[in-house]
Amino acid sequence: MAAINAIFSRYATALQISPLLITLLFFLIGPVIVIVIISLWNFNGFMMVEGDWTFSNYIKLFSKNLTLDNYLQTLKMLAITLAITTVLGFTLAYFLVFDLIQLRTKLLLFLLCVVPFWTSGVIRMVAWLPFLGKEGIINQAVMAVGISDTPLEFLLFSEFAVFLSYIQIFTLFMMAPLFNVMARINRDLIEAAKDNGASGLQILMHVIIPLCKPGLAIGAIFVTALVASDFTAIRILSGAQVGTVMASMSNQIYNVQYPPASASAIVLLLAVLLIVGMIMRLVDVRKQL
C-alpha cells in the first residue's frame with residue numbers, strides 16, 4: 001500500500017493533467033495530424049491516392065490567383081469586422097461598467113445581450129432574410145417614407161449582409177472579455193487621474209484603454225478565429241457574391257476534393273495562429289487568464 005501511495009505521490013501532477021492531455025490529443029492534435037497527412041496525398045482531379053505523398057496540393061494552392069483573392073477577401077472581412085466589433089464591444093462594456101450604478105441593472109442588461117446566443121447561429125443568420133430582402137421590412141419602410149422608389153439591392157446577398165451578421169453575432173465575443181476586464185479596474189485610479197486634472201478623454205486614453213488591453217486581445221482572438229472559420233453566413237447571406245478561404249474549402253469538401261481542402265485548412269490554420277501569435281506578442285493575455 002505504501003508503494004502505491006508513493007507512486008501516486010510521485011506522478012500526482014502527471015495524473016492530474018492526463019485528462020486534459022488525452023482530450024487535446026484525441027480532439028485537437030490527432031485531427032490536425034490526420035488533416036496534414038491527407039493534405040500530402042496526391043489528388044488527380046477525381047480521386048485521392050493514399051500513400052502517394054506529394055506537395056502538389058500546396059503548390060497548386062499558392063499558384064492560383066483565386067486563392068490569393070480569397071485570402072485577401074478573408075483578411076478584409078476580418079479587419080472590418082474586428083474594427084467595428086471592437087468599437088461596439090468597448091462602448092457597450094463601458095456603458096455597463098461605468099455608466100450604470102446598480103449591479104442588478106448591469107447584470108440584467110448583460111444577460112439581455114447574451115439571450116440571443118441561446119439560439120442557433122444559423123437561425124440568427126436566417127432571421128436577417130425577412131429584414132433585408134427586396135420585399136423585406138427595411139425595403140418596405142424605405143419605400144413607404146419615399147427614400148427610394150425601388151428596393152435597395154445591396155441589403156441582401158452582398159458583403160453588407162455578411163458584415164451585418166458578423167457584427168451582430170461576434171460583438172458579444174468582444175464585449176464579454178472587455179466587460180470582465182473593465183469591472184476589475186480600480187476606481188481609485190480614475191479618481192486619482194481626475195484629481196490631477198485629467199479630462200475624460202485623457203482618462204479614457206491613458207487609464208482605461210491601457211488597462212483593457214488583455215480584454216481587447218482576447219476579444220480579438222475570438223473574433224479572428226470565428227471570422228476565419230465561418231462559411232455559413234457566406235453561403236446564406238452573400239449569395240455567392242463573397243469568396244473567402246472557408247467558402248472555397250467548403251466547396252472543395254462538397255465536391256469530395258479532400259487533399260486540396262486539407263491543404264487549404266492547414267494554411268488557414270497557420271495564418272490564424274500567426275495572427276493570434278502577433279496579438280499575444282503585443283499583449284500579455286496571461287494576465288487576464
If I ask for residues that are charged (D, E, K, R) and in a helix (DSSP H, G or I), which ones from the stretch 222-239 would you list?
R235
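Yes/no per residue for (1) without any contact (Cβ under 8 Å) to a residue 40 or more places away in the chain; (2) in contact with a Cys (Cβ under 8 Å, 6 or more places away or on another chain); (3) under 30 Å from V207 (Cβ atoms); (4) surrounded by fewer than 17 Cβ atoms within 10 Å (Cβ to Cβ):
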site: I137; (1), (2), (3), (4): yes, no, no, yes
site: T150; (1), (2), (3), (4): yes, no, no, yes
site: A161; (1), (2), (3), (4): no, no, no, no
site: Y166; (1), (2), (3), (4): no, no, no, no
site: L172; (1), (2), (3), (4): no, yes, yes, no
site: R184; (1), (2), (3), (4): yes, no, yes, yes
Got a number for residues in the stretch 153-199 being under 20 Å from V142 (Cβ atoms) and assigned to a loop (DSSP other than H, G, I, E, B)?
3
Can you tell me which residue is modelled with the highest pLDDT among those in the stretch 133-152 that are assigned to a loop (DSSP other than H, G, I, E, B) and among the aliphatic types (A, V, I, L, M)?
V145
Exception for L108 within (1) touching a residue at least 24 places away in the same chain (Cβ under 8 Å); (2) under 21 Å from V181 (Cα atoms) falls at (1)
Sole exception among (1) under 21 Å from N70 (Cα atoms); (2) surrounded by fewer than 17 Cβ atoms within 10 Å (Cβ to Cβ); (3) modelled with pLDDT of 85 or more for I209, by number:
(1)
What residue, among those in the stretch 249-289 that are in a helix (DSSP H, G or I) and charged (D, E, K, R), is modelled with the lowest pLDDT?
K287
Run L92 past the list (1) of a type outside the set (F, W, Y); (2) closer than 24 Å to A217 by Cβ; (3) out of contact with any helix residue (DSSP H, G or I) (no Cβ under 6 Å at 6 or more places or on another chain); (4) surrounded by 12 or more Cβ atoms within 10 Å (Cβ to Cβ) and report the number of the one that doesn't hold.
(3)
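The values are calculated or read from the model by the stated rules, or taken from the named source; none is laboratory data. Values in this document were obtained by computation on a predicted structure and should not be read as measured data. Glycine gets a Cβ as well: all are built from the backbone with ideal geometry, and neighbour counts include every protein chain shown.
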